[in-house]
1. Taking R0 as 56 Å, what's the FRET efficiency between A:GLU76 and A:ARG465 from their Cβ-Cβ distance, rounded to 0.05?
2. How many nm is it between the label spots at B:ASP171 and A:ARG218, if each spot is 7 Å from the Cα in line with the beta carbon?
3. Heavy atoms only, 1.4 Å probe, whole protein assembly: order A:SER445, A:SER58 by accessible area, highest first.
4. Compute the separation of the alpha-carbon centres of segment A:178-242 and segment A:343-373 and state it in Å as a whole number.
5. Shielding of A:434-440 by partners, i.e. mean partner chain Cβ atoms within 10 Å per residue?
6. Can you compute the charge dipole magnitude of segment A:85-148 about its Cα centre, using +1 on each Lys and Arg Cβ and -1 on each Asp and Glu Cβ, nothing else charged? Give it in debye, rounded to the nearest 20.
7. In what sequence, largest accessible area first, do B:ASP75, A:ASP466, A:ASP434 appear using a 1.4 Å probe?
8. Evaluate the protein assembly as shown: find the radius of gyration of its Cα atoms, find its Kirkwood radius, and give the ratio Rg to Rh.
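The values are calculated or read from the model by the stated rules, or taken from the named source; none is laboratory data. Computed from a predicted model, the values in this text were never measured in an experiment. Because the Cβ atoms are built from the backbone with ideal geometry, glycine has one as well, and the counts that use them run over all protein chains shown. Side chains included, ligands, DNA and RNA excluded: accessible areas come from the protein's heavy atoms. Shrake-Rupley method; radii C 1.70, N 1.55, O 1.52, S 1.80 Å.
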Amino acid sequence: MSVDLGMPGVWAPKGAAQTSGHGAHPADPLRWGPTFPEAAAEALGDRQLRRNLARATSTIRGKRAAVVGEVTDWEELRDAGRAIKTRVMAELPELLLQLEEQVTARGGTVHWARDAAEANRIVADLVKATGETEVVKVKSMATQEIGLNEALAEEGIEAVETDLAELIVQLAGDMPSHILVPAIHRSRAEIREIFLARMDDVPRELSDAPAELAEAARLHLRRTFLRAKVAISGANFAVAETGTLAVVESEGNGRMCLTLPETLITVMGIEKLVPTWRDLEVFLQLLPRSSTGERMNPYTSMWTGVTKGDGPQAFHLVLLDNGRTRALADDVGRAALHCIRCSACLNVCPVYERVGGHAYGSVYPGPIGAILTPQLTGAAGHGDPGSSLPYASTLCGACYDVCPVKIDIPALLVDLRARQVDGDRRRILPGAWDVAMRGASWAMSSAKRFAPAARSARLGRLLARDGKIRSVPFPGSLWTRSRDLPAPPEETFRDWWSRTRGDGDEA
Amino acid sequence: MRIALLATCIGEAMFPRAPRATVELLERLGHEVVYPQGQACCGQMHVNTGYFTEALPVIRNHVEAFEPVLDGAWDAVVVPSGSCTGSIRHQQAMVASRLGDEALATRAARVADRTYELSELLVDVLGTVDVGAYFPHRVTLHPTCHSLRMIRVGDRPQRLLRAVEDLELVDLPSAETCCGFGGTFSLKNAPTSTAMLEDKVAAIRSTGAEVVTAGDYSCLMHIGGGLSREGAGVTTMHLAEILASTRETPAAVGGAW
Ligand code: SF4
């Protein structure tokens with residue numbers, strides 16, 4: 001979804017962890033950088049970034065809350081959204097075939113891609129067949145996920161992003177750090193610098209006023225729009241019953257891409273389906289309010305196959321799996337495929353707000369990234385940075401409350417943690433956590449063992465001064481480096497109960 | 001009523017003042033409190049860290065300890081913790097069933113149906129908002145994530161606090177934002193956890209409150225850890241401790257916990 005939130009605020013200079021730097025695109029857009037704890041620790045060093053992320057996310061949170069509050073049947077809409085998506089996952093094979101049939105009957109061509117490499121190959125060949133070496137792009141997460149721009153560049157095809165924030169990210173050679181506002185980590189001053197350095201047609205006296213920056217981008221893009229013969233888009237929805245594709249956006253650049261060129265290639269994750277036209281009614285209410293905090297997005301473009309004499313005369317739909325069937329096979333994890341990429345969960349997440357998007361090492365950051373990325377990549381084991389993502393949350397539940405399709409993100413995180421732990425059970429040597437958790441399980445599954453264990457906490461009193469403990473050895477030092485611990489009590493609750501009320505169950 | 005108490009593992013070992021206050025409060029209101037001796041822990045820590053297999057015996061022990069509530073031995077189970085109540089209600093049966101023990105899942109769900117977090121028990125089951133407490137201090141409330149969003153206690157804690165004689169309740173800015181504890185998150189992602197805690201502590205200090213209260217000692221252990229490190233001079237107290245305080249035996253205030 002492409003939107004205009006105004007210019008991306010007054011963004012501060014990013015920390016080292018916040019940018020991959022020009023030309024340093026990761027080989028796998030779903031798996032780059034160090035583990036989450038390492039990347040987050042580095043990002044936290046940039047206090048300016050934290051302040052600005054806090055300001056930006058709180059603004060969008062407020063907007064969302066206001067427009068969601070107006071809708072009297074919001075909870076019913078969320079239930080409907082969840083129910084439709086649950087049905088889609090249950091009937092996905094049939095619905096996909098129906099979609100293919102409808103798109104084909106209306107003059108489009110459907111391609112199936114198992115993974116990123118296949119999808120990129122298909123798109124590159126389609127572009128080459130037109131003889132063009134330049135394509136315009138509508139902001140799309142699916143093409144970010146497969147690294148399409150870089151793959152096309154290797155084939156000598158230049159892909160130009162037309163969404164303002166996406167263009168900034170592209171010009172800077174960055175990775176996106178937010179689903180909706182991919183340049184959320186860039187300051188206005190930086191954006192000005194990026195434009196001056198990378199656009200050949202900007203006036204030297206360009207200021208960092210949002211209106212001027214937007215105008216510069218508009219002029220830069222207009223020439224590209226007028227000469228582009230091929231456009232590439234994603235899709236927010238595809239209606240199986242009619243073969244209709246839908247893109248919602250705020251800027252109107254998407255509309256230009258979808259209508260002006262001769263050839264349109266749409267790359268869509270296979271989960272983006274809705275069964276019937278009528279189902280769109282639910283999502284077109286849920287998405288803009290959750291996403292940009294708008295009652296209705298300014299542009300909703302829908303197209304069905306090819307219409308003679310109107311819009312692109314060649315239409316290709318690339319249906320992308322890239323790990324989705326793996327997620328679908330998991331009865332809990334598949335709920336992550338219900339996501340409509342509104343980004344509301346990022347904006348309310350207290351972890352995202354403090355560490356920013358790049359710490360997640362995936363084009364899908366924040367709470368949705370933490371449940372989707374490891375499933376798409378099949379992350380397993382400690383060697384994979386993606387396996388740290390399910391732990392990148394306090395399980396505070398703010399994401400679940402705002403999710404327009406009611407994905408129980410905390411429950412999915414817990415489930416993914418369990419799969420991580422179970423995957424590690426095959427290791428010959430258990431890790432420190434395994435040992436600790438097994439010991440605790442033994443101690444906490446019987447009062448006979450737990451009572452003396454609880455009593456032994458009293459030993460901690462030896463470490464205390466003035467009722468607090470300021471430092472303990474590893475791993476407790478992970479706590480006491482920044483927080484004190486209370487001195488344990490002299491008497492456990494059980495002992496107090498026995499002393500004051502006797503031993504039996506009865507008072 | 002006869003009410004069985006789950007002291008919680010952290011209440012048992014680190015913060016007995018919370019279950020003690022729960023006992024004193026309920027007895028003062030004329031109820032009989034029972035302490036089932038077989039209890040240990042609800043299993044939350046294991047579940048949330050992904051150790052389902054290790055959680056199972058802990059859950060089984062909990063269910064066995066509290067199952068008499070189903071035979072009418074007690075009228076209800078009370079828990080002075082939103083997150084333990086949440087785990088009992090939303091995780092115990094799920095884990096048992098995921099590991100193939102459907103019988104345990106059913107039993108766990110039935111015990112969970114009779115289990116209440118303290119403010120729920122007071123307001124919904126006992127129908128009391130004014131518990132006759134006296135606490136002449138300036139207090140702010142951290143509503144806690146699991147109380148708010150997992151078991152949805154709503155404004156029950158606020159209503160109970162507002163009815164306390166001489167208590168001045170002040171709003172906490174960004175009250176609904178997580179304090180950064182998150183169980184093992186506080187260790188696995190210590191710097192991020194601390195960044196969240198710093199903001200929570202700053203919000204608490206901005207209220208000028210003498211006491212920050214919550215319905216969960218796990219959050220209070222974390223918040224108190226930050227307040228103590230900063231030497232903020234704000235005391236953390238469980239909701240039960242404030243509600244147990246009376247003119248005759250007023251609760252003492254001081255120290256971080
Ligand atoms: S998980 Fe829910 S809240 Fe997050 S982006 Fe997807 S639809 Fe939006």
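1. Working: r = 57 Å, r/R0 = 1.01.
FRET efficiency, A:GLU76 to A:ARG465: 0.50.
2. 3.9 nm
3. A:SER58, A:SER445
4. Distance between centres, Cα-based: 23 Å.
5. Values: counts 2, 0, 4, 9, 4, 1, 9.
That average works out to 4.
6. The dipole of segment A:85-148 has a size of about 200 debye.
7. A:ASP466, B:ASP75, A:ASP434
8. Over the Cα atoms of the protein assembly as shown, Rg/Rh equals 1.01.
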